[in-house]
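Worksheet: the structure to be examined is printed underneath.
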Amino acid sequence: MVGLGDLTENLNAIPASRWTDRIGEGLGQLAREVDGKSLPTPDVIEWFAEWSKDSWGEQRGLKLLTAHRSKGLEFDDVVIMDGGWERPSRNEDQDAPRRLFYVAMTRARRNLIVMSNDNHEYLPTASPSVVTRHVVPDLATVPGPRRFFQSPEMKMVDLSFAGRQGDRHIVHEAIAEAQVGAQVRLSRVGDRWQIEDVRGRALGRMSKAFAPPIGTKFVTGEIAAIIHWRKEDADERFYHLLKRANWEVVVPELVFEEVKGT
């Protein structure tokens, strides 16, 4: 059993960040629902899973997400960017993009805006709802080279890297001292990219699927989240490589800059 006092104490022990602020909101709502009663730990975990799903759909400023991730959610106002909707992904049928576009459109409760660089594949070309504007961007007013932002995603990180290292490996000490928002570096080590703190200590490693945007160089990065991972969360095929039952994983947010002439 776990009470609100225990949860609050654990939350206060974590360095403040945008994530702890949101969890604090959830604790406040949970406190109103349980009225001071203790709950079994699995029930608390399930409650937070449902709450996080519902709260993600709340209108909180601007959210940028893919149509796939928007499934099941609704927003007051939705703007659909031009993203090559007519092209199906690998192993998809020809109607898959149209279905996905329908999903994106039906997320809007109040206003829906669809942006396109040309005549849209799924929208009428002649309609009073279509507003045409011809814009010539003045690139001279854009300061500096173009930048590319890599949002934090767990799939882009080697989740088992720290778990494969012995207890004396520097990565565990570095992660223990790391805080959300701290600056990180990206270094090429062999055929993979390594996440390092400002002292050059390894914090983790990017996954095999990760690659910087073509024609760019790494500029800056910060720790977006530090998550707890367990041996049972990993693929059973790699259990024999793991040296720890529990460990932490650093998930970074990275910024790259276009290199002229590449």
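We did not get these values from a lab; they are worked out from the coordinates using the rules stated. In this text the structure is predicted, and so the values were computed from the model without any measurement. Neighbour counts are summed over all protein chains in view; Cβ atoms, including those assigned to glycine, are modelled from backbone coordinates with ideal geometry.
At a glance:
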item: For the range 147-258, convex hull volume per residue from C-alpha positions, Å³; result: 98
item: For the chain, calculated [θ]222 nm from helices alone, where every DSSP H run of n ≥ 4 adds -39500 (n - 2.57); result: -7000 deg cm²/dmol
item: Whole-angstrom gap from the range 228-247 to the range 1-69, using each part's C-alpha centre; result: 26
item: Packing-based order for 124-133, 221-230, using average beta carbon neighbours within 10 Å, highest first; result: 221-230, 124-133
item: Kirkwood-type radius of the range 4-56, with distances r between different C-alpha atoms, in Å; result: 11.5
item: Quotient of Cα Rg and 2.2 N^0.38 Å for the range 75-135, N being how many residues it contains; result: 1.19
item: Net lengthening on full extension, A140/K37 (0.36 nm per residue, minus Cα-Cα); result: 30.9 nm
item: Estimated D of the range 114-208 in µm² per second, where Rh is the Kirkwood radius over Cα pairs and Stokes-Einstein applies at 4 °C, 1.567 mPa s; result: 73
item: Shape box of the range 165-222 [Cα atoms, principal axes, largest first, Å]; result: 37, 24, 16
item: The range 107-161 - convex hull of the alpha-carbon atoms, volume per residue in Å³; result: 211
item: Magnitude of the charge dipole, the chain, Cβ model with Lys/Arg +1 and Asp/Glu -1, debye to 20; result: 780
item: Debye log10 I(q)/I(0) for the chain, one point scatterer per Cα, at q = 0.08, 0.15 Å⁻¹; result: -0.48, -1.35
item: Stretchable slack from K71 to E258, in nm (0.36 nm times residue separation minus alpha-carbon distance); result: 64.1 nm
item: Share of alpha-carbon pairs per 10 Å distance bin for the range 209-262, given as whole %; result: 19, 32, 25, 19, 4
item: Charge sum, other residues only, whose C-beta stays under 9 Å from D76's C-beta, Lys/Arg counted +1 and Asp/Glu -1; result: 0
item: ³J(HN,Hα) computed for each position of the range 36-43 - Karplus, 6.51 cos²θ - 1.76 cosθ + 1.60, integer Hz, glycine/proline x; result: x, 7, 7, 10, x, 3, x, 5
item: Burial ordering of T66, T220, fewest other beta-carbon atoms within 10 Å first; result: T66, T220
item: For the range 229-240, Karplus couplings with θ = phi - 60° (6.51, -1.76, 1.60), whole Hz, Gly/Pro x; result: 10, 10, 4, 5, 7, 8, 5, 4, 5, 10, 4, 5
item: Stokes-Einstein D (µm²/s) once Rh is taken as the Kirkwood radius of the range 1-96 over alpha-carbon pairs, at 10 °C in 1.306 mPa s; result: 97
item: Fewest-first sequence of D158, D43, D235 by Cβ atoms within 10 Å of each Cβ; result: D235, D43, D158
